[in-house]
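Below is one structure, written out as structure tokens; comments come after it.
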Amino acid sequence: MEKPQKKMNYLIITASGGAGNLHGAKAQKQILEKNDPNANVITKDFMLDWLGVIMGNFGVYAWNRAQKKGNVKLQKLLGNGQRILDILFWPRIFFSAYQDLLRHDVDFVFHMQALGASAIVKAIRLYNRVKKKNVELKIIFTDLPACKSKHYFNPISRLSKKDKKILLISSIKPPLKKDQTEKEFWEQNCRISMDRVCYDPYPVRESFYKLENKKRENIDYKIKINFSNDFEGNLIEEISKKGNTNFKKNESSIEYTIKPTDFLMTIILGSKPCFKAIYNYIYNLIEFMKKNSIKKNIIIFPYCSAAKDPLIKKLHHMIMKIDNFPSNLTIAAMSFQKEDVVADLYFRSDLTITKSAGQTAMELMKVSKAIFYVHTECNLKVKETSNKKLLKGIPVWEAGIAIFMQEKMNARLINPKSFIDVCKEHFV
């Protein structure tokens, strides 16, 4: 009788604070379970499971609040504190990782970012010695291997040669400088040899693969937005009624019918978006449409995260006060949506305004033929300001991704002020 194959136990380490790492972890889990239906996949949140209740929740809160306020300086400060965190919490991270490795008899580890890399690698080495295994750690670049991705590069560079023997890096091919080779890129940035680098498909969620290479037809499309309670649903419905787009409200969702001639915009400024930026984009478009008698039917899907004080409530309050609201503008505000909804939105969008996140960039590249814009908190006029200054309105590592999106996706930097120029380009 054939001996049954051993069930593989995979540990995925992700981190709350933004949604990119969480989405990447979900995508990686989907990939593992698709390739091996019998795989046992364990997911641990670095911030909430390993740093402890106080520090973990504080870190998540501080990061999310900096995003909501559009505070780039605070985001940079928190990012620069990565090494201090790694040093101060090294013992806690080491023992947390080691305990989970033992508890789940782990055979392979995926890490969706580089926080605590030193402690985690050391825990795996001890685990291998005790259990007589050869478990490796694969760090997945969910923020892309841009030249400014120092929060990934630096922790890897500081690892010892013995640590790097069990380390793998999973990435797409990096953008290279003139005459630079891939070998030179990885040696300069991570002090690691090419045999430790894997060029894997980016971990994109399953719903985006389903729409990959699908041609957009000249037909009506249905976009279904889910809401979490009646209060939220009523707010979204009242805002939507200001426009003339056909929609149908159900028990827990609102379904919009998008005509082939409708111009659809998606605005997603991270998991904890800055409300001021969202509102200014919408308000500036409204004023532009009122002054220029725009005839095209425009639909905007802005992401407003649901919380105790939902941004949708604020948006509703402000939209309802606007006089002479253009009837050919529909605002379909939305809170957190499942991946299939976001995939459908990206697929049908004519224009997207997003933050420069690795997960967002790869998902857009998978399914969207839209015109891509990257939001910057720099309030200077885009046409009159250098790219270097505009990139200062984006946290350092995200600025690297913004450059990647400019080079590989023809993306353009944008802020609410320069949105008027975009409106002139597409609607006049």
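The values are calculated or read from the model by the stated rules, or taken from the named source; none is laboratory data. No experiment lies behind these values; they were computed from the predicted model shown. Because the Cβ atoms are built from the backbone with ideal geometry, glycine has one as well, and the counts that use them run over all protein chains shown.
Numbers below:
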{"quantity": "Test: I219 is at pLDDT 90 or above, among the hydrophobic types (A, V, I, L, M, F, W, C) and surrounded by fewer than 18 Cβ atoms within 10 Å (Cβ to Cβ)", "calculated": "yes"}
{"quantity": "Top-ranked residue of the range 410-423 - restricted to ones that are outside any loop (DSSP other than H, G, I, E, B) and either outside the structural domain of T354 (by TED's automatic domain parsing) or modelled with pLDDT of 90 or more (or both), ranked as surrounded by the fewest Cβ atoms within 10 Å (Cβ to Cβ)", "calculated": "R412"}
{"quantity": "Test: K150 is under 23 Å from P175 (Cα atoms) and in contact (Cβ under 8 Å) with a residue 12 or more places away in the chain", "calculated": "yes"}
{"quantity": "Filter pass, G400 being more than 23 Å from L211 (Cα to Cα), crowded, with 22+ Cβ neighbours inside 10 Å and either of a type in the set (G, A, S) or modelled with pLDDT of 85 or more (or both)", "calculated": "yes"}
{"quantity": "Residue list for the range 173-198, filter: at pLDDT below 90 and farther than 20 Å from A117 by Cβ", "calculated": "K173, P175, L176, K177, K178, D179, Q180"}
{"quantity": "Listing of helices (runs of 4 or more DSSP H) fully contained in the range 279-381 that carry 2 or more residues being within 23 Å of E232 (Cα to Cα)", "calculated": "311-319, 339-348"}
{"quantity": "Single residue of K242, K214 found to be surrounded by fewer than 20 Cβ atoms within 10 Å (Cβ to Cβ) and within 25 Å of G358 (Cβ to Cβ)", "calculated": "K214"}
{"quantity": "Scope the range 101-120; condition part of a strand (DSSP E or B) and surrounded by 24 or more Cβ atoms within 10 Å (Cβ to Cβ); matching residues", "calculated": "V109, F110, H111"}
{"quantity": "Candidate set from the range 282-310 (those that are buried (at least 22 other Cβ atoms within 10 Å of the Cβ) and touching a residue at least 60 places away in the same chain (Cβ under 8 Å)); member that is nearest to I322 (Cα to Cα)", "calculated": "L285"}
